[in-house]
Each structure stands twice: as structure tokens, then as C-alpha cells.
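The values are calculated or read from the model by the stated rules, or taken from the named source; none is laboratory data. These numbers come from a predicted model, not from an experiment. So basically every Cβ, Gly included, is an ideal-geometry build from the backbone, and we count neighbours across all protein chains shown. Areas reflect the complete protein model, heavy atoms only, side chains present, ligands, DNA and RNA absent. Shrake-Rupley method; radii C 1.70, N 1.55, O 1.52, S 1.80 Å.
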Amino acid sequence: MRSVEEHQRAVAELIRARPPVTVALADAEGLVLAAEVTAPISLPVFDNSGMDGYAVLADDVAAATPENPVRLPVAEDIPAGRTDIPSLQPGTAHRIMTGAPVPFGADGVVPVEATDGGVDVVEISAATARGRHIRRAGGDVAEGATVLWAGQVVTPPAVGLAAALGLAELTVRPRQRVLVISTGTELIKPGIPLEPGQIYESNGVMLAAAVREAGAEVVAAVTVADDTAEFTAVLDRYGVADGAVDLIITSGGVSAGAYEVVKDVFGRDGDQGVDFVKVAMQPGMPQGIGRVGQAAIITLPGNPVSAQVSFEVFVRPVLRRAMDLPTPERPRRTAVLSETLTSPPGRRQFRRGLLDHETGTVTNYGPPASHHLRYLASANCLLDIADEVTELPAGTSVEVWDLTG
């Protein structure tokens, strides 16, 4: 059998990063910048008021107190968005709103709370210092400064900064485009009454959600019967041969029995560009890997726990690396086992677990069989048990993959 590490390396060599693309700001969030961003303008663009109040000469109100307010005529009203910037004459005030341009000649702003709010004449009951409540041009960003760097994830504040600088697009590492295909004639869409022998399809929606959680794009999540013509028609429909898909993930159809449609399409002997292998792990032993046209393909087992654990072990970290996303691996932690566990010899076992972050203990959660999805749905970690280990007594330290990180 192939070891887990060998198969991880094979998958890593298969999935390739896409060239950088320039996208609209709304599409850049969550992606990684492929080029640094230099400010084309300063922020603020002009001196503006940091408060609703009155623009004044600081010397004109230096003696103002609540007991002896200074009265000044209000010569101008300056709302935010006014484009003709007036000049302030000594002995006058301009009523000004937050973000509005500071009039020429003014050197301070008195907050409205320190006035009577007058429109024609204002009583000012507190002095202000020169420069007080004025946001100077370039005080946040100087024109020409590098403000975002290649390799950083585009966050909502980064999108906001780009927009504030007048940028409509950013150059990023694009998402991997993934086509998810679930196979099985027995699979029925949820919401439709079941006939005898049928089950509801769950792998497709689960793997599509996992792809999105990893940061990639789901081109489609399709269910096909055990029919080779239907399977190949799906590949044609989504432009696999034309480079519209970077990765195909299938589930089911890779075991040793009859009606294994994925093997039937790609050749059971690896003669159609896909190699079907056995990996020394539980769950998830039957695996497949190769290329279909320009797309990589990873074929996963059909049992739901096997499919999802295989995605975690082989696919998720490589997808994130191909997009330069941070922390491609799930955090590895050491925890103390709360009960004795046994494991089959020669298989690296991934057991569902409940990790107590406060006590540093971990409890096995559910039986190891690959159809027990309910336990994986509530587990917060995977216990990673080496292939040479057959028994772990309670109190043993064990490595776990933290699925919450």
C-alpha cells in the first residue's frame, strides 16, 4: 500500500496554482494579494474636520469659558461634500460638519458641544488649540506609500482602504475552481421521498461545503448515476477539456466491485490518466489521482466519513497552498487520551474525537467505521494514530488535528 505521506506528496504535485488575476474589490475579499498596493493619493485627501462644530482661529477663542463665552458671527456653512473651500476671516466662525474641508485660514475646530449651536452668531464656551480636531491631508496615508503587501489576505478593512484610495480592482491569487461529482445510482436529492434501496445524497453537499471552507470556488456539485456516458457528459458540460476547471473531486465508484463508474471511465489499470491506489489509512483506503485534460482529478471513497477525512488529509491543505492562503494545515495539538483505544496494524488511523481545550484531554467519539457520519458532524478533531500503533492506553499523549482551526 501507499503511505499517507506518499499520497500527500502525489496530491501536492498534482494541484497547480493559477496565475494572478485582477478582480473587482467585491471579489477580492478572502483572497491573497499577488502584488503590492501603492497609494495613488493621500488620505485624507484634504484637511478636514474631525468633529461637527465651528472652524475658527484659535487666538479668537483663547479666552472663551462657560462663564465668559466668545461670540462670533457665523460667516459660512460647510457641510461634508462642499467643493468650493472658503477662507475664514479673523473674528468669524464657519459652521462645519465632520469630514468637511477646513476653510483656508482656520487653525482649529470647536466641537458643537462647546457652543450654543448658533446659526447666525455662535457663543463659544471653550478654547481650542491650534490643529485641534483637524485631520491633516496625508495624516493617514502619504501618496506613494505602500499600504498593502503581496502575500497578505484581503480583509474587509483592506477592501475599504483600497476603495478609499480610489482603487476599483486588486491583483490576487485566484480561487481554485473545483467540480464536485458524487456517483451512485442509489443517490437521491434530499427532499424527494425515498424508494426501497435509495439513500439521500450527502457527499456532494458536504464536499462542496468543505471546498468553500478551504477558500476555493465550487463550479458545481453534481450527482451522477453509475453510468459512464452520464459521467463523461458532466465533464463535457462543465468545460473540463477547455480549462474551465482546475480540480475534479469525485466520491464513490473507486472500490473493487462492479458498477464502479469512476474506474470504468478512467480505466481500472490507470491507462486513462488516473491511477487508483490503496493508501494505508483508515478510513479512506481506496484513492485515485491523475489528470483529465487540464484538470487535476482526485477520486475519493464513497462512504461519507472516508470522503471527508480524505479531503482533510489530502485535498484541503494543497488547495490552500495553491491559493497562497495562510495556515494550510489544520493545527496539530498534543492531548491526553481519556480512554484506551485499539488500532489496526499497518494502517494510519484517523478517529473522530472531542478535544477539551481547557484540560488538554481528548475523547474518542463514535466507532471507527466509515459510515458513522453523525459523529464526524459533531467532532472537533481527528486523532492521528500512527500505523505501527495497535493500542493506546488511557493517559497516553496523542496527536490530534484541530478541525476548528
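How about the stretch 221-251: which of its residues are open to solvent by 10 Å² or more (accessible area, probe 1.4 Å) and either of a type in the set (Ser, Thr, Tyr) or closer than 17 Å to VAL315 by Cβ (or both)?
ALA221, THR223, THR228, THR232, TYR238, ASP246
Taking the criterion of being out of contact with any strand residue (DSSP E or B) (no Cβ under 9 Å at 6 or more places or on another chain) and within 17 Å of ALA137 (Cβ to Cβ), would at least one residue in the stretch 22-41 satisfy it?
yes
Tell me which residues, restricted to the stretch 181-220, are closer than 14 Å to LEU319 by Cα and open to solvent by 70 Å² or more (accessible area, probe 1.4 Å).
Result: ARG212, GLU213, GLU217.
List pairs: first in the stretch 90-114 and free of Cβ contacts under 8 Å to residues at least 40 places away in the same chain, second open to solvent by less than 10 Å² (accessible area, probe 1.4 Å) and among the hydroxyl-bearing types (Ser, Thr, Tyr), Cβ under 9 Å, 6+ apart or cross-chain?
ALA93/TYR54
When residues of the stretch 72-87 are filtered for being within 50 Å of the chain's Cα centre (by Cα) and either among the β-branched types (Val, Ile, Thr) or surrounded by 15 or more Cβ atoms within 10 Å (Cβ to Cβ) (or both), how many remain? Show your work before the answer.
Restricting attention to the stretch 72-87, the residues satisfying the condition of being within 50 Å of the chain's Cα centre (by Cα) are 76-87.
Next cut, either among the β-branched types (Val, Ile, Thr) or surrounded by 15 or more Cβ atoms within 10 Å (Cβ to Cβ) (or both) only: 76, 78, 82-83, 85-86.
Count: 6.
Which of (1) closer than 27 Å to THR171 by Cα; (2) outside the structural domain of LEU161 (by the TED database) is the odd one out, the single condition ALA39 does not satisfy?
(2)
In the stretch 97-113, is there at least one residue being over 30 Å from VAL147 (Cα atoms) and touching a Ser or Thr at 6+ places or on another chain (Cβ under 7 Å)? Steps first, please.
Let us first name the residues in the stretch 97-113 that are over 30 Å from VAL147 (Cα atoms), namely 105-106, 110-113.
Next, only the ones that are touching a Ser or Thr at 6+ places or on another chain (Cβ under 7 Å) stay: 105, 110.
Yes, the stretch 97-113 has at least one match.
Only one residue in THR22, THR65 is within 20 Å of PRO156 (Cα to Cα) and exposed (fewer than 15 other Cβ atoms within 10 Å of the Cβ). Which one?
Values: THR65 fails: within 20 Å of PRO156 (Cα to Cα).
Criteria check complete, one pass: THR22.
With PRO103, PRO90 as the choices, which residue is assigned by the TED database to the domain that holds ALA129, open to solvent by 60 Å² or more (accessible area, probe 1.4 Å) and within 16 Å of ARG130 (Cα to Cα)? Quick ask: steps written out before the conclusion?
Working: PRO103 fails: open to solvent by 60 Å² or more (accessible area, probe 1.4 Å).
PRO90 is the lone residue from the list that is assigned by the TED database to the domain that holds ALA129, open to solvent by 60 Å² or more (accessible area, probe 1.4 Å) and within 16 Å of ARG130 (Cα to Cα).
Considering each of GLU213, GLU230 in turn, give the residue that is assigned by the TED database to the domain that holds THR183, under 30 Å from ARG173 (Cβ atoms) and of a type in the set (Asp, Glu). Even if it seems obvious, please write down each step before you answer.
Values: GLU230 fails: under 30 Å from ARG173 (Cβ atoms).
Sole residue among the options that is assigned by the TED database to the domain that holds THR183, under 30 Å from ARG173 (Cβ atoms) and of a type in the set (Asp, Glu): GLU213.
What are the pairs, 6+ residues apart or on separate chains, where a residue within the stretch 151-173 that is touching a residue at least 12 places away in the same chain (Cβ under 8 Å) has its Cβ under 6 Å from a residue that is acidic (Asp, Glu)?
Between residues of the stretch 151-173 that are touching a residue at least 12 places away in the same chain (Cβ under 8 Å) and residues that are acidic (Asp, Glu), the close pairs are VAL154/GLU29; VAL159/GLU29; ARG173/ASP324.
Name the residues in the stretch 323-340 that are open to solvent by less than 10 Å² (accessible area, probe 1.4 Å) and not in a loop (DSSP other than H, G, I, E, B), would you?
Quick first cut of the stretch 323-340, residues open to solvent by less than 10 Å² (accessible area, probe 1.4 Å) only: 323, 335, 337.
Within the stretch 323-340, ALA335, LEU337 meet the criteria.
With a cut-off of at least 3 residues that are at pLDDT 95 or above, aromatic (Phe, Trp, Tyr) and at negative phi, name the strands (runs of 3 or more DSSP E) lying wholly within the stretch 77-130.
Details: elements: 93-96, 108-111, 121-124.
Fully inside the stretch 77-130 and qualifying: nothing.
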